[in-house]
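A.B. asks: Here it is, the structure, as structure tokens.
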There are 2 protein chains.
Amino acid sequence: MNKSQNDKKALSLHKRLGGKIRIIPAAPVRNRADLSLVYTPGVAAVSMLVAGNKKLARDYTIKGRMVAVISDGSAVLGLGNIGALGALPVMEGKCALFKTFANVDAIPLVLDTQDTEKIIETVLAVAPAFGGINLEDIAAPKCFEIEKRISDVLDIPVMHDDQHGTAVVVLAGLVNALKVVSKKMSQVRIVIAGAGAAGTATAKLLKAAGAKNIIMLDRTGIISRNRPGLDGHKKDLASWTNPKNESGSLQDALKGADVLLGVSGPRLCTSADIKLMAKKAIVFAMANPTPEIMPDEAKKGGAYVVGTGRSDFPNQINNSLAFPGIFRGALDHGVTKITEKIKLKAAHAIAALVPKPTANKILPDMFDKRVAPAVAKAVR
Amino acid sequence: MNKSQNDKKALSLHKRLGGKIRIIPAAPVRNRADLSLVYTPGVAAVSMLVAGNKKLARDYTIKGRMVAVISDGSAVLGLGNIGALGALPVMEGKCALFKTFANVDAIPLVLDTQDTEKIIETVLAVAPAFGGINLEDIAAPKCFEIEKRISDVLDIPVMHDDQHGTAVVVLAGLVNALKVVSKKMSQVRIVIAGAGAAGTATAKLLKAAGAKNIIMLDRTGIISRNRPGLDGHKKDLASWTNPKNESGSLQDALKGADVLLGVSGPRLCTSADIKLMAKKAIVFAMANPTPEIMPDEAKKGGAYVVGTGRSDFPNQINNSLAFPGIFRGALDHGVTKITEKIKLKAAHAIAALVPKPTANKILPDMFDKRVAPAVAKAVR
């Protein structure tokens, strides 16, 4: 099915459904006896118990199972700043995946503000009912501060999935792709096109996993320590990436590179650019819905392992392999922070599900029922 | 089953369930084909469509079906200010009732703030995903300002159910109770014990329905125009209730009264007090979970028609008869404000479902499947 056909079918499905999630009672309310337990007068005993000992909320209310998927719509998929209602179909889809892949109950909240302080205040204000907060599609660099400050205050896991979900799955895929091409994490030259949420978190996690030669680019080019006008976030990136302090364009960066990780936008490069890379190059072109380079183009340029963010090509590098299991594990095991160590363990747990990776099979299928339990176990 | 047994059973049920609602996908996500419609890449077409024309969110997202049940936990049932987590079991129950009675998808949000301005900001910030806002268990008098200011800004129905749900069902019950005792709304003396959210909205709606002799009381006694120290809200009440400007205690008010509406707290009065009332008195004792007077006590005092808020006595005066159908109707018919006219129509629609009321049957059963559709139709 081509894009236009798929789009039509997606539009028609969404209109028929009128929203992709439903709320149902966990127990039937059939009669007055049920009602006197689920609602008044019985519920008063539960309310008093939980009010008196707030920790019991995890056992007696939805707090023990419910995750909020929250976006301000400022960086939705690869579509940019399309606002709260534009973000809503994506957040609903994410909630459907949470349930499908890890039996996590998740609800979408899209915010009528894009102001950092107001986003933080709003998330903190609605937090009590939730056992986890999945931040989603919030633009960089404000996403870093928002995640950190919310996470510092709350005693539930808070994860900006565009950062850490992506980072975990990229690392999982890269671990196996490197096996396919017989190269080592500590020796490869890794080019990350895109210094936003995903690119930054990916670089950090790859470094934690042993990568030593990471070159990052934004729209202006390679991020180097002597580039004028860098903001605080990019100055920080420059301080621990780009070991030889190179500067220049994407093409300069790609010369001899072993890995290109695209977390930027559609149609960034061509097969001619890929030809600049080292032999047995790995290309993950993850912009959604249109990747930085289409897989056939990347292969034409000589790439050996190619992944995208899409479900209609091989090697889907999709957060859905990570976030459901991460939150499932956090809810199950009372984990209150998603640490770097947890992310490393989650990535290796995903990679381990494909013990003999090939160029067209570096990651488990998203519908592989082993994935979420394996990730949840790693989170413990 | 006595209260203590019911409480135990309620606690045990809540612990077993771990929360009373679940989120499920509206369509299965079984494979990559499903995923490419529900999520990327297909969802991008839906996001762009909705971002470009926000009115379409009602057709293509959960906005067309989803209500937020929001509380700050400041006035939960009759339990008082027990905070966000104490409120959560009640809000979950309410969401279960929304689905059970009117197929409305509702989610609970409990707020980690009790500040008027912050509550308003938070509700406005999370509003985009919702087609309606049910405010719940927020203390008076701040509930009046909160509801009004949120309702003024949003183009979706906003209803503080403690006010208007109660008012609608009380009016419905009173219309039929007056039939039972052959008295007229315009002629009866109505005592409302409680000048909070429920009492105030009930008084307003009864006045709109033709009641001319309403006496309101708070903890201090009858609210009269010459009582010193009244706040703005109570001054307003004094200006259009209490036609003879009486003052005194509950007992003073009850002398010769035809109707006592209790919306205050547990064990307010005794059978001796009810004996002060006129013949064929009507008593609705609606404090939850413990009413102002137990039904057998009220009958002992001579009350002819007795209702409570509870499901384990006859004549349950419970908002569940109103709120599911009101929001169902508002969602179905694109109603953006719950006006006084809508509430009157809803109350008469409920009353009309019991064409021949008796002392023990003034209202339809909450499980009568005709109720929500009848109310929804009246909302149109």
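The values are calculated or read from the model by the stated rules, or taken from the named source; none is laboratory data. Remember, it's a predicted structure, so these values are computed and weren't measured experimentally. Cβ atoms come from the backbone with ideal geometry, glycine included; neighbour counts cover every protein chain shown. In case anyone asks, the SASA skips ligands and DNA or RNA and just uses the protein heavy atoms, side chains included. Shrake-Rupley method; radii C 1.70, N 1.55, O 1.52, S 1.80 Å.
A.B. asks: Just read off the accessible area of B:LYS377 with the full protein assembly in place, 1.4 Å probe, to the nearest 10 Å².
C.D. replies: 130 Å²
A.B. asks: As a test of the formula, what do you get for chain B when each DSSP H run with n ≥ 4 contributes -39,500 (n - 2.57) and the sum is divided by the residue count, at 222 nm and rounded to the nearest 500 deg cm²/dmol?
C.D. replies: The helix-only estimate for chain B comes to -13000 deg cm²/dmol at 222 nm.
A.B. asks: Okay, next question. Test of understanding: what is the full-extension gain from A:ASN2 to A:ARG370, defined as 0.36 nm times their sequence separation minus their Cα-Cα distance?
C.D. replies: Result: 129.4 nm gained on full extension.
A.B. asks: Explain nothing, just the number: relative contact order of chain A, from Cα pairs under 8 Å at least 6 residues apart, as a whole percent.
C.D. replies: For chain A, the relative contact order is 15 percent.
A.B. asks: Something else: For A:ALA208 and A:ASN53 in one chain, what is 0.36 nm times their gap in residues minus the Cα-Cα distance, to one decimal in nm? Walk me through the numbers before you get to the answer.
C.D. replies: Working: separation 155, 0.36 × 155 = 55.80 nm, distance 3.90 nm.
Contour length minus Cα-Cα distance gives 51.9 nm.
A.B. asks: Now for a separate question. For B:LEU250, B:LEU88, give me the order by solvent-accessible area with a 1.4 Å probe, most accessible first, ignoring ligands, DNA and RNA.
C.D. replies: Greatest to least solvent exposure: B:LEU250, B:LEU88.
A.B. asks: What does the copy distance list look like for A:ASP236, label position 7 Å along Cα→Cβ, in nm and ordered from shortest?
C.D. replies: With the label placed 7 Å along Cα→Cβ, A:ASP236 yields 4.8 nm.
A.B. asks: Translational D (Stokes-Einstein, µm²/s) of the stretch A:32-73 at 10 °C and 1.306 mPa s when Rh comes from the Kirkwood sum over C-alpha pairs?
C.D. replies: The Stokes-Einstein estimate is 134 µm²/s.
A.B. asks: Something else about it: Keeping all protein chains in position, work out how much accessible area B:PHE367 exposes to a 1.4 Å probe, and write it in Å² to the nearest 10.
C.D. replies: Rounded to the nearest 10, the figure is 50 Å².
A.B. asks: Same structure, new question: Over the stretch B:249-346, what is the relative contact order in whole percent, taking alpha-carbon pairs under 8 Å and six or more residues apart?
C.D. replies: 21 percent
A.B. asks: Continuing with the same structure: For a Förster distance of 51 Å, can you work out the FRET efficiency between the beta-carbons of A:ARG16 and B:ASP296, rounded to the nearest 0.05?
C.D. replies: Details: r = 54 Å, r/R0 = 1.05.
Efficiency computed from Cβ-Cβ geometry: 0.45.
A.B. asks: Distance from a point 7 Å along Cα→Cβ of B:LYS361 to each backbone N in the stretch B:274-315: keep the residues under 17 Å and list them by number.
C.D. replies: Only B:305-307, B:313-315 pass the distance filter.
A.B. asks: If you don't mind, another one. Of B:SER74, A:SER249, which has the most accessible area with a 1.4 Å probe, and how do the rest follow in descending order?
C.D. replies: Of B:SER74, A:SER249, the descending order of accessible area is A:SER249, B:SER74.
A.B. asks: Put the label 7 Å from Cα along Cα→Cβ for B:LYS8; what are its distances to the other copies, in nanometres, shortest first?
C.D. replies: Nearest to farthest, the other copies are at 6.4 nm.
A.B. asks: Using only the Cα atoms, work out Rg/Rh for chain A, with Rh taken as the Kirkwood radius, to two decimals.
C.D. replies: Working: Rg = 21.7 Å, Rh = 21.7 Å.
Dividing the radius of gyration by the Kirkwood radius yields 1.00.
A.B. asks: Tell me whether the stretch A:1-133 comes out rounded, prolate or oblate; compute the Cα gyration tensor, take square roots of the eigenvalues as a ≥ b ≥ c, and use a/c under 1.5 as the rounded threshold.
C.D. replies: oblate
A.B. asks: Next question, about the same structure. Show A:ASP258, B:ASP112 ordered by accessible area, largest first, where the area counts protein heavy atoms only and the probe is 1.4 Å.
C.D. replies: If we order A:ASP258, B:ASP112 from most to least accessible, we get B:ASP112, A:ASP258.
A.B. asks: Find the centroid of the Cα atoms in the stretch A:306-380 and in the stretch A:24-66, then give the distance between the two in whole Å.
C.D. replies: Taking the Cα centre of each part, the stretch A:306-380 and the stretch A:24-66 sit 33 Å apart.
A.B. asks: Report the label-to-label distance for B:LYS377 and A:HIS233 in nanometres (one decimal), using points 7 Å from each Cα along the Cα→Cβ vector.
C.D. replies: Roughly 5.6 nm, to one decimal.
A.B. asks: What spacing in nm lies between the two simple spin-label points modelled at B:LYS341 and A:LYS337, each 7 Å away from Cα in the Cβ direction?
C.D. replies: Once both label points are built, they end up 5.8 nm from each other.
A.B. asks: What accessible area, in Å² to the nearest ten, does a 1.4 Å probe give for B:LEU331?
C.D. replies: It works out to around 20 Å².
A.B. asks: When 1/r is averaged over all different Cα pairs and the result inverted, which Kirkwood radius in Å belongs to the protein assembly as shown?
C.D. replies: Over the protein assembly as shown, the inverse of the mean reciprocal pair distance is 27.7 Å.
A.B. asks: Tell me which lysines have Cα within less than 19 Å of A:LYS299's Cα, excluding those fewer than 8 residues away on the same chain?
C.D. replies: Straight-line reach from A:LYS299, under 19 Å: A:LYS179, A:LYS183, A:LYS255, A:LYS275, A:LYS279, A:LYS280, A:LYS361.
A.B. asks: Over all directions, what mean area does the Cα convex hull of the stretch B:254-380 project, stated in square nanometres?
C.D. replies: Over every viewing direction, the Cα hull of the stretch B:254-380 projects on average to 8.0 nm².
A.B. asks: About the Cα centre of the stretch B:295-372, what is the dipole size in debye to 20, counting +1 per Lys and Arg Cβ and -1 per Asp and Glu Cβ, all else neutral?
C.D. replies: Numbers: 12 positive and 7 negative charges, 50 e Å.
Rounded to the nearest 20 debye, it is 240 debye.
A.B. asks: Using the 7 Å Cα-to-Cβ label point, sort the distances from B:THR220 to its equivalents in the other copies shortest first and give them in nm to one decimal.
C.D. replies: The answer, with the shortest distance listed first, is 6.6 nm.
A.B. asks: Separate question: Keeping all protein chains in place, calculate the accessible area per residue for the stretch B:59-218 (probe 1.4 angstrom), answer in Å².
C.D. replies: 24 Å²
A.B. asks: Mind putting a number on the dipole of the stretch B:129-180 about its Cα centre? Charges go on the C-beta only, +1 for Lys and Arg and -1 for Asp and Glu, and I need it in Debye to the nearest 20.
C.D. replies: 220 debye
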